[in-house]
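> Here it is: the structure, laid out below.
The values are calculated or read from the model by the stated rules, or taken from the named source; none is laboratory data. Fair warning: this is a prediction, and the values are worked out from it, not measured in the lab. Every residue, glycine as well, gets a Cβ built from its backbone with ideal geometry; the counts of neighbours run over all protein chains shown.
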Amino acid sequence: MRRLNLPSFGAFYYLLVCVILYLPIALLIIFSFNDAASLTFPLKGFTLRWYEQVTQSSELLFALRNSVLIALGSALVATILGGMGAIAIVRYNLPGRGAFLAVSAMPLVIPYVILGVSLLILLNQVGIPLSAPAAGLGHVIISIPYALLIISSRLVGFPNNLEEAAMDLGASYWEALGRVTIPIISPALLASFLLCFTISFDEFSIASFLVGTDATLPVYMYSQLRFPTRLPIVIALAAIIMTVTMAVMIFSEWLRRSGQNTSRK
Amino acid sequence: MKHRQRFLTLIGLPSIYLLLLFIVPLGLMAVFSFRAGTTGAARDVFTFDNYIKFFHNTSFQRLLWRSAGISFFMAIISCVLAYPLAYYLAFKAGSKKTFLMLLIIIPTWTSYLLRIFSWKLILGSSGLLNSVLQALGLIDQPSPILLYSRPAVVVTLIYVWVPFVMLPIFASLERIDRYLLEAAADLGCTRFEAFLRVTFPLSLPGVVAGFFFAFIPTLGEFVTPLLVGGAQGSMYGNLIQDQFMRALNWPMGSVMSLAMLVIVLLMMFLLTRVGPLTDLLGL
């Protein structure tokens, strides 16, 4: 019954999509080593000077620092809030559960531009000046749904009788959470932290409304896209970041998988 | 009672955060939409002027509908392109599945801005496409192809979203019980019939989720039009961004944002008939 031409068509299509997905990125990487300030063909020659200049641009390093700090902060807050929410919705089916689920998933279906401008209005009304941490407030909102998803799928994987056993042995509920539940879900907490970090680190729309003069890396990059001569430096930095992100994401994916495997046993 | 207390303690902090920094800002935006101006005395005026202006300005509405149309069209194409990919990975890739999946995901870890920007390097007048065509002797004058137009925006966004759209479709295909397909074959279905009557209907929640993954960000998109769309390719998101960042007419911008929100909620309502949102997200 198995038709032979079908798998080969699928493989061909897969290959084609892969080529198209990687082509623009390959171009970026090629230009990051190209010895010319303008990103045009034909190529000039090989150079590492753009990578050297990355380390010398103080504006760029300041933006990078901002991005790392707010990504760390928002990922930490989103993971804590998401973790608390996940334990509540997985372990209890009480009134309020449905409403919480609906509200916490809503940021997934609202365009970021709306989240950005609504937070801009709030900050303006309360009188908080625009800054990079203000963008972090918004990043927590968009990260919470992902944190909830990752952590609750881990919680579903193990029954709550371990918590009950701990309590039978004299632990209070909060001790049981701290000494049994949290260690068990720790791979999911770390995976959530890493994913939320990358969400915040790459986010432009919300940040563009909220950072003021305190640019994050994507906001800084966007401002540089208008000055063609500065582009190779930006691209060199992006190539470095992509390499780091890849390492982080592969590590977090490995954590998530190893977490799931142990819960199935 | 004990349970209730623990539940409320756990859910309290995240609820307060979402209330203060998500629900309240949206509410404030609704309040702003009834104001006459951004600052000063105009703040305290209650007026329907912005709504009247919005509904009388056909160019606003045209851009909103056109952006919704573009997003819809783009999301459908992304689903169509992602489906065979997800199908291949779920049913044909075998033991290499995880690795092949990873290969599709890796490009999405490049900066979003640069993934969009890179299309300028392809479509621009001294870009890859032009250089290749010139080298092949197909054209003699380099000229930007597609760039600074709506099609450029659509092509770029499809590039950005196909991997993300593929994920939920793949997940829904993976969940299908393979015995159902055997049963269909035993009952005399051809492979194509089995696909139409078993596989495809069962994968529909994933397709709907994928559709939204692409549709919603695109509706609010203002970066891609700025980078590759030019003046011809601007979208509704640009209009909103303009009101807040340049025209500084926040009340009008609020009305525009609310109009967009209505469209999103309408789409959600129509398409969640397929299944509840929480199911689609796998929560």
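> Among (1) under 16 Å from A:Y146 (Cβ atoms); (2) touching a Pro at 6+ places or on another chain (Cβ under 8 Å), there is one condition A:G212 misses while meeting the rest; what is its number?
(1)
> Looking at A:S143, A:S152, A:S118, A:S131, which one is more than 30 Å from A:F251 (Cα to Cα), within 23 Å of the chain's Cα centre (by Cα) and in contact (Cβ under 8 Å) with a residue 60 or more places away in the chain?
Going through A:S143, A:S152, A:S118, A:S131 in turn, the sole match is A:S131.
> Still on this structure, please answer the following. Out of region A:186-245, which residues are over 19 Å from the mean Cα position of the chain (by Cα), within 25 Å of A:S118 (Cα to Cα) and charged (D, E, K, R)?
Of everything in region A:186-245, just one residue is over 19 Å from the mean Cα position of the chain (by Cα), within 25 Å of A:S118 (Cα to Cα) and charged (D, E, K, R), namely A:D214.
> Next up: Please state which of the following conditions B:I139 fails to meet, knowing it meets all the rest: (1) out of contact with any helix residue (DSSP H, G or I) (no Cβ under 6 Å at 6 or more places or on another chain); (2) more than 20 Å from B:V162 (Cα to Cα).
Answer for B:I139: the failing condition is (1).
> If B:S172 passes every condition in (1) without any contact (Cβ under 8 Å) to a residue 60 or more places away in the chain; (2) surrounded by fewer than 18 Cβ atoms within 10 Å (Cβ to Cβ); (3) more than 8 Å from chain A (Cβ to nearest Cβ); (4) over 30 Å from A:V219 (Cα atoms) but one, which one does it miss?
(2)
> Only one residue in B:V162, B:V153 is buried (at least 16 other Cβ atoms within 10 Å of the Cβ), of a type outside the set (D, E, K, R) and within 13 Å of chain A (Cβ to nearest Cβ), so which one is that?
The unique qualifying residue is B:V162.
> Which of the residues spanning region A:200-235 are more than 11 Å from chain B (Cβ to nearest Cβ), closer than 20 Å to A:I29 by Cα and either in a helix (DSSP H, G or I) or touching a residue at least 24 places away in the same chain (Cβ under 8 Å) (or both)?
A:T229, A:R230, A:P232, A:I233, listed by residue number.
> With the checklist (1) among the hydroxyl-bearing types (S, T, Y); (2) more than 8 Å from chain B (Cβ to nearest Cβ); (3) within 30 Å of A:T213 (Cβ to Cβ) in hand, flag the one item A:S172 doesn't pass.
Here A:S172 clears every test but (3).
> Can you go through A:L16, A:L64, A:L28 and tell me which one is hydrophobic (A, V, I, L, M, F, W, C), touching a Ser or Thr at 6+ places or on another chain (Cβ under 7 Å) and within 13 Å of chain B (Cβ to nearest Cβ)?
Criteria check complete, one pass: A:L28.
> Given B:Y83, B:Y87, B:Y51, which one is more than 8 Å from chain A (Cβ to nearest Cβ), part of a helix (DSSP H, G or I), closer than 30 Å to B:A194 by Cβ and out of contact with any Pro (no Cβ under 9 Å at 6 or more places or on another chain)?
Only one candidate passes the filter, namely B:Y83.
> If you go through region B:189-202 one residue at a time, do you hit one that is of a type in the set (A, V, I, L, M) and buried (at least 24 other Cβ atoms within 10 Å of the Cβ)?
no
> If I ask for residues that are without any contact (Cβ under 8 Å) to a residue 60 or more places away in the chain and either farther than 26 Å from A:E203 by Cα or crowded, with 22+ Cβ neighbours inside 10 Å (or both), which ones from region B:89-106 would you list?
B:K92, B:A93, B:G94, B:S95, B:K96, B:K97, B:T98, B:F99, B:L100
> Consider region B:94-110. How many of its residues are facing chain A (nearest Cβ under 8 Å) and either of a type in the set (K, R) or more than 21 Å from A:L195 (Cα to Cα) (or both)?
0
> Any idea which residue in region B:243-260 is farthest from the other protein chains (Cβ to nearest Cβ), counting only those that are surrounded by fewer than 21 Cβ atoms within 10 Å (Cβ to Cβ) and within 12 Å of B:L64 (Cα to Cα)?
B:A259
> When only residues in region A:87-127 that are in contact with a Gly (Cβ under 9 Å, 6 or more places away or on another chain) and not in a helix (DSSP H, G or I) count, which is nearest to the other protein chains (Cβ to nearest Cβ)?
If we take residues in region A:87-127 being in contact with a Gly (Cβ under 9 Å, 6 or more places away or on another chain) and not in a helix (DSSP H, G or I), then A:P111 is nearest to the other protein chains (Cβ to nearest Cβ).
> Is it the case that some residue within region A:240-250 is in a helix (DSSP H, G or I) and either at pLDDT 85 or above or buried (at least 23 other Cβ atoms within 10 Å of the Cβ) (or both)?
Scanning region A:240-250 turns up at least one residue that is in a helix (DSSP H, G or I) and either at pLDDT 85 or above or buried (at least 23 other Cβ atoms within 10 Å of the Cβ) (or both).
> Then there's this: Taking region B:234-254 on its own, how many of its residues are over 21 Å from the mean Cα position of the chain (by Cα) and either aromatic (F, W, Y) or assigned to a helix (DSSP H, G or I) (or both)?
Counting residues in region B:234-254 that are over 21 Å from the mean Cα position of the chain (by Cα) and either aromatic (F, W, Y) or assigned to a helix (DSSP H, G or I) (or both) gives 6.
> Out of A:G83, A:G138, I need the residue that is within 8 Å of another protein chain (Cβ to nearest Cβ), in a helix (DSSP H, G or I) and in contact (Cβ under 8 Å) with a residue 60 or more places away in the chain. Which one?
A:G138
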